[in-house]
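Heads up, the thing below is written out as structure tokens.
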Amino acid sequence: MKKLIFATGNKDKMREIRQILGDMDYEIVSMKEAGVDIDIVEDGTTFEENAIIKARAVMEATGCLVLADDSGLEIDYLGKEPGVQSARYMGENTSYRIKNQILLDRLHGVPAAVRGTRFVCVIAAAFPDGRIETRRATIEGRIADKPAGENGFGYDPIFYLPDRQKTTAELTEEEKNEISHRGKALRMIKEIL
Ligand code: IMP
């Protein structure tokens, strides 16, 4: 069976990718399982650039087919901040409880109609012959008035879905994977593997 490496150390992402690509003819392994221990500097200015940097670095180190993702939150009212800086916004060691509160404070009093936001996910595939493909997917929502929900991670408690009248932190894992930016991007990249 051919090997496919997903360039992440995140266990939740590995579980999701195994769920979505599990029926394909690939052995899906994490960077750690593939024995790859390299420092990758994500200094791109777009989600595409960062996903490609990760996928290409691991492909060059292993010669295998590699997938990598880069994702983040764009808030329209803040000129698409925190964007590619989502993980590093207010410092990597700042808790998401604080990051989320700071974003809510920055949007204090801003009406619902202009609280539009989206999660973006780009998946890059780096093939052993040097070919690179990317796919981008989004999920649209609105910044909540206050945090709600315990599921998910990161900015989920403030990402409100008006249709469902819930934040993404109030969805089950299965519900979120069906509609999430990452789930959609993974299903799109699956089509070209
Ligand atoms: P990375 O793609 O692992 O570099 O992470 C990007 C950052 O974007 C995460 O650390 C979170 O802050 C945020 N993010 C991306 N996807 C989600 C999501 O589904 N829920 C909540 N936060 C997310």
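The values are calculated or read from the model by the stated rules, or taken from the named source; none is laboratory data. Note that this is a predicted model, so its numbers are computed, not measured. Cβ atoms come from the backbone with ideal geometry, glycine included; neighbour counts cover every protein chain shown. Quick note on the areas: whole protein, heavy atoms, side chains included, nothing else; ligands and nucleic acids left out. Shrake-Rupley method; radii C 1.70, N 1.55, O 1.52, S 1.80 Å.
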Take the residues in region 174-184 that are more than 12 Å from the ligand (Cβ to nearest atom) and open to solvent by 70 Å² or more (accessible area, probe 1.4 Å), then tell me which one is nearest to the chain's Cα centre (by Cα).
Glu178
Here's a check for you: in region 35-59, which residue that is exposed (fewer than 15 other Cβ atoms within 10 Å of the Cβ) and without any contact (Cβ under 8 Å) to a residue 24 or more places away in the chain is nearest to Arg136 (Cα to Cα)?
Asp43
Checked region 1-48 for anything more than 15 Å from the ligand (Cβ to nearest atom) and aliphatic (A, V, I, L, M); matches are Met1, Leu4, Ile5, Leu21, Met24, Ile28, Val29, Ala34, Val36, Ile38
Kindly list, by first and then second residue, each pair from a residue in region 2-18 that is under 17 Å from Ala57 (Cβ atoms) to a residue that is of a type in the set (Asp, Glu) and more than 10 Å from the ligand (Cβ to nearest atom), limited to pairs with Cβ atoms under 9 Å and residues at least 6 apart or on different chains.
Lys3/Glu27; Leu4/Glu27; Ile5/Glu33
Check Lys80, Lys99 and return the single one that is over 12 Å from Ala144 (Cα atoms), charged (D, E, K, R) and free of Cβ contacts under 8 Å to residues at least 12 places away in the same chain.
Lys80
Taking first residues from region 116-132 that are more than 13 Å from Arg182 (Cβ to Cβ) and second residues anywhere that are open to solvent by less than 40 Å² (accessible area, probe 1.4 Å) and part of a loop (DSSP other than H, G, I, E, B), the pairs with Cβ under 6 Å that are 6 or more apart or on different chains are none
Within region 60-98, restricting attention to residues that are surrounded by 13 or more Cβ atoms within 10 Å (Cβ to Cβ) and farther than 21 Å from Phe159 by Cα, which residue is nearest to the ligand (Cβ to nearest atom)?
Ala68
For region 146-166, state whether one or more residues are within 27 Å of Phe6 (Cβ to Cβ), hydroxyl-bearing (Ser, Thr, Tyr), part of a loop (DSSP other than H, G, I, E, B) and free of Cβ contacts under 8 Å to residues at least 40 places away in the same chain.
no
Taking region 150-173 as the region of interest, how many residues are within 14 Å of the ligand (Cβ to nearest atom), open to solvent by 30 Å² or more (accessible area, probe 1.4 Å) and either charged (D, E, K, R) or more than 30 Å from Asp25 (Cβ to Cβ) (or both)?
8
Kindly indicate whether Arg187 is in contact with a helix residue (DSSP H, G or I) (Cβ under 7 Å, 6 or more places away or on another chain), assigned to a helix (DSSP H, G or I) and open to solvent by 60 Å² or more (accessible area, probe 1.4 Å).
yes
Condition (residue is at pLDDT below 95 and of a type in the set (Lys, Arg)) applied to region 88-110: is it met by at least one residue?
yes
